[in-house]
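Written below as C-alpha cells is the structure these notes are about.
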Amino acid sequence: SRPVGKGAEVAEHAGLLVEDVFHDDEWLTVRWLDGQQSRFPAIWLRDNIPSGRHTREGQRLFDIAQLPDRITLSSAALTSDGGLAVTFDPEQIQDVFEVAWLERHRLDRAAREARDVPPTLWSGEHQEKLEFIDYDRVAGDPTELAGWLRTVRDYGFALLRNVPTVPATVLEVVQLFGFVRETNYGRLFDVLTKRDAANLADTSMAVGAHTDNPYRDPVPGLQLLHCPDSDVEGGLSVLVDGFSAAECLREDARPHFDLLREHAVAFRYTESGSVDLRSAAPLIQTDPSGRVLAVRYNSRSAAPLDMPVEVLPRFYDAYRHFGRLLEDPSAQVSFKLGPGDLMLLDNQRVLHARTGFTGSGRHLQGCYADKDGLHSTLRVLEGRG
Ligand code: OGA
Ligand code: ZN
C-alpha cells in the first residue's frame, strides 16, 4: 500500500476505478478514472467502516451515539488490491474500504441521481402500450417475473391474463413476490353484485377514480384484483396515474399543489357495531425534496373536511382541480377484466375506477399486499440483493 499525504499526492493505483485520493482532516476526496470526484466526510466513513458490521454489508454493531464528537482522518492510502486504508482520530481505528464499495456509494450529485429510479409517468397514450402477460410465463420464469414486477415499480401497475379462474388464485399470485395484507375484509375479498350492498363496490353502479382504503394506517401499498368470472355489459376498469396528475397540478397551479400536500384529509369507513376505521393524511404526500411519494383520493370514504376554516374555500378549489385532472379521460387508460385477467396496482400511486354495467354475472376477487416485499423480490431477482 502507498500512503497518500495531506494534499494532492497522486497514487498510481493498480485498481480500475480510482485515479487518486486526497484527504484533509475532515474530507476524503476520491478522483475516479472517469474524471468525476467524490467527497466523503470523515464521520461518514467512520460510521461505515467494514469492521463495524457483523458480516460484510451486514448489520452495524455500534450506535452513532458511541462515536466521538469530532472524528478526523489521520491517513488514507490505496492498497494494491483495490482497497483504501483509512485511519481515524482520535480513536486511532484503522480499516480498509473496498474501492468498489465506495464507488457504489458515491455521494456526488451525478452518482446519486444515477442510483435513483424515478417513476415513469404516463397518461392516456399509455393505452397503446397496455400488455397482458400470460400468468404461466410469469409464474414459471424468474426473468419474466422480474419484468412484470419492474412494470409495477416503473408504471405503478401490471396486468396478467390466463390466470386460473379457480377461486382464491389471487393469493397464489401474491406468493410470487410477497405477502398478503389481511384486513377486516379478510385475506381475500369478493366484489360481487349484491341486492343489499353495504359497499358501492357490490352494486352495478360506476365507481369513480380512487385509491383503496385511505382510511387505513398504513394504507395498503398494493392491490390485486382477479376476475374469475364476468359476462356483463360494461364494467370497464379505468386507471389513472396519480403521480402524473400531481405533477400536472404542480405545473398548472403550484398553490393548489401546495395546499393538497400541506393539509390532511380525513377518511373514514364504518360498519355499525364492528368497524370504525379512520385515518387522515394529505392527498399528495411529498418527501423533503418535494418529490411525490404517495397519492390518496377516494370520494366515497372522505370524511367531512376538518381543517382551519379559512383554508377551506381555497382547499376546495385545489381539491376539485386535482379531481378533474384525475377524471380527465385523456389521462386515463381502460380495459375490461375478463375471466382469467388480473391487475396489480400500486395503491399509493395509480387510481382505479370502473364504469357501470348491466347484468349481475361479474365477480372479482381481490387482496392487498405490501410494496416492500415486491421491491425486495425484484432486487433479488435482478441480482442486486
Ligand atoms: C372498489 C373497486 C373495482 C371493480 O370497489 O373499490 O375498485 O372493478 N372495484 O369493481
Ligand atoms: Zn377500489
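Listed here are the residues, each with its yes/no results for (1) within 12 Å of ligand 1 (Cβ to nearest atom); (2) touching a Gly at 6+ places or on another chain (Cβ under 9 Å); (3) open to solvent by 40 Å² or more (accessible area, probe 1.4 Å).
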position: VAL173; (1), (2), (3): no, no, no
position: ASP212; (1), (2), (3): yes, yes, no
position: ASP217; (1), (2), (3): no, no, yes
position: HIS226; (1), (2), (3): yes, yes, no
position: SER237; (1), (2), (3): yes, no, no
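Within the stretch 43-50, can one find any residue that is surrounded by fewer than 16 Cβ atoms within 10 Å (Cβ to Cβ) and outside any helix (DSSP H, G or I)? No, there is no match, as no residue in the stretch 43-50 is surrounded by fewer than 16 Cβ atoms within 10 Å (Cβ to Cβ) and outside any helix (DSSP H, G or I). Test GLU233 against the criterion of being within 16 Å of ligand 1 (Cβ to nearest atom), farther than 16 Å from LEU351 by Cα and open to solvent by 60 Å² or more (accessible area, probe 1.4 Å), and give yes or no. The answer is yes for GLU233. The set of residues from the stretch 256-290 being in contact (Cβ under 8 Å) with a residue 24 or more places away in the chain, exposed (fewer than 12 other Cβ atoms within 10 Å of the Cβ) and not small (Gly, Ala, Ser) comprises just one member, GLU271.
How many of the residues making up the stretch 22-42 are hydrophobic (A, V, I, L, M, F, W, C), modelled with pLDDT of 95 or more and not in a helix (DSSP H, G or I)?
Adding up the residues that qualify gives 5.
The values are calculated or read from the model by the stated rules, or taken from the named source; none is laboratory data. This one's a predicted model, so the numbers in the text were calculated from it and none came from an experiment. No Cβ is skipped: glycine too gets one built from the backbone with ideal geometry, and neighbour counts run over all protein chains shown. Note: accessible area is taken over every heavy atom of the protein model, side chains too, but ligands, DNA and RNA are not part of it. Shrake-Rupley method; radii C 1.70, N 1.55, O 1.52, S 1.80 Å.
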